[in-house]
Amino acid sequence: MRGDRDGAGAAGAALAGPRLLAGGPIAAEIRFGLTRDFAAFRERWGYPPTLAVVLVGADAPSAVYLRQILRTCEKVGVHGRLVEMSLDVTPDGLCEEIDMLNDDPGVSGIIVQMPLPAHIPLRTVIDSIDPAKDIDGIHPRNAGLLSLGFDGFLPATAQASVEILKRSGIEISGKRVVVIGRSNVVGKPAALLLMREHGTVTVLHSRTRDLANHTRDAEILIVAAGKPGLVTGEMLSPGVVVVDVGINVVGDKLVGDVDFESARGVVSAITPVPGGVGPLTNALLLSHLLRAATDQAELSPRRAVQSPDRGTTDAGIRMSAQPMPSSPKAAP
Ligand code: NAD
């Protein structure tokens, strides 16, 4: 298996421990390309693509994540639009808002921040997003395309957990790959993507008996359970490559699902938390936005430039547009 210490990058060598699979430099490289590509998009079509981020209620971890996405939008020259809805919005009210975004030609991509409050059925929301604007791959059409092995929009976090391996030169084909977590946004799509890369994939979940029995068999382990300290060093075989997708707030710190201290002496490579999968997720999401914007512009070239931006909407909904670098053509 690659991911050995000989292949370690600067960060790994300096630590004299496992190779650290940092997402930051990979994300920076992707953002560099995206900045150029979004500039070319604006030049060609006369407006910057807009990413609409829908937030229901002011959930603190979500707010942190959203701020990061909106900051990344600014960095690459994309218009980020935060659509805040009150916690007591009805399912119909939320779907109406999503419909307006679907119909707004200035909006190229939509993400709805999860988790949603209990009174909003997830199914209603995922069905209501236009699959062409569903850049985080939650609509059944995109999920179906992924499961059939066709091109669609991929859930960005799942894609990031695989992409960090590929871009770090870690071979997946033929490896015993174990995924902890089977959610629709991370574990399940990650498992499908890893099968696409010819890994031999086992999926573990909350009802799996004797987790360690499976994790010790892994040559590559992806952990996406949302349980800090779930995986410890004694559950791992020497030389395993670990991708820790978990993001948990413990006290005033962000930690993953893997107990880093006990794992570091066993693994050959591991993603840090923070600084592993997270930064890559945002960069990939914006690469999906570019694709969505380009597809929509090519399909209907004149529609998009006619869309005025909206600063505020009906009562109960606040919207704030992120500032764009000033450009005479920055229309919507
Ligand atoms: P989720 O709660 O929807 O799913 C968790 C999954 O883990 C479930 O399938 C469950 O069966 C499994 N699980 C829970 N406890 C387990 C246990 N004790 N043993 C085995 N399996 C167990 O969570 P999610 O949305 O898939 O997110 C997973 C983690 O990834 C969370 O920590 C979340 O914050 C993080 N996340 C990170 C990013 C990122 O960009 N890095 C993005 C999204 C989510």
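Using a 1.4 Å probe over the heavy atoms of the protein chains, calculate the carbon and sulfur portion of the accessible area of region 127-190 as a whole percent. Please report the intermediate quantities before stating the final value.
Numbers: 1210 of 2400 Å².
With neighbouring chains kept in place, the figure for region 127-190 is 50 percent.
Which length gain, in nm to one decimal place, applies between Val64 and Glu261 when the Cα-Cα distance is subtracted from 0.36 nm times their residue separation?
68.3 nm
Averaged per residue, what accessible surface does region 198-300 expose to a 1.4 Å probe, in Å²? Please report the intermediate quantities before stating the final value.
Details: 4520 Å² over 103 residues.
With the other protein chains kept in place, region 198-300 gives 44 Å² per residue.
Please state the Cα pair-distance histogram of region 148-226 with 5 angstrom bins from zero: what percent is in each bin?
Reading upward from the zero bin: 3, 16, 29, 26, 17, 6, 2, 0.
Once fully extended, how much extra length lies between Ser237 and Asp103, figured as 0.36 nm per residue of separation less the alpha-carbon to alpha-carbon distance?
Net length gain for the segment: 43.1 nm.
Quick one: if you stick a label point 7 Å off each Cα along the C-beta vector at Arg44 and Glu29, how many nm between them?
2.4
What is the spin-label model distance, in nm, from Arg207 to Thr90 if the labels are put 7 Å beyond Cα along the C-beta direction?
In this crude spin-label approximation the distance works out to 3.6 nm.
Express in whole angstrom the spacing between the alpha-carbon centres of region 46-124 and region 221-247.
Going from one Cα centre to the other spans 31 Å.
Tell me the Rg and the Dmax, in Å, that the Cα atoms of region 143-289 produce.
Using the Cα atoms of region 143-289, the pair Rg, Dmax is 14.2, 42 Å.
The values are calculated or read from the model by the stated rules, or taken from the named source; none is laboratory data. Since the model is a prediction, treat every value here as computed from it, not as a measurement. Neighbour counts run over all protein chains shown; Cβ positions are idealised from the backbone, glycine included. Please note that ligands, DNA and RNA were not included when accessible areas were found on the heavy atoms of the full protein model with its side chains. Shrake-Rupley method; radii C 1.70, N 1.55, O 1.52, S 1.80 Å.
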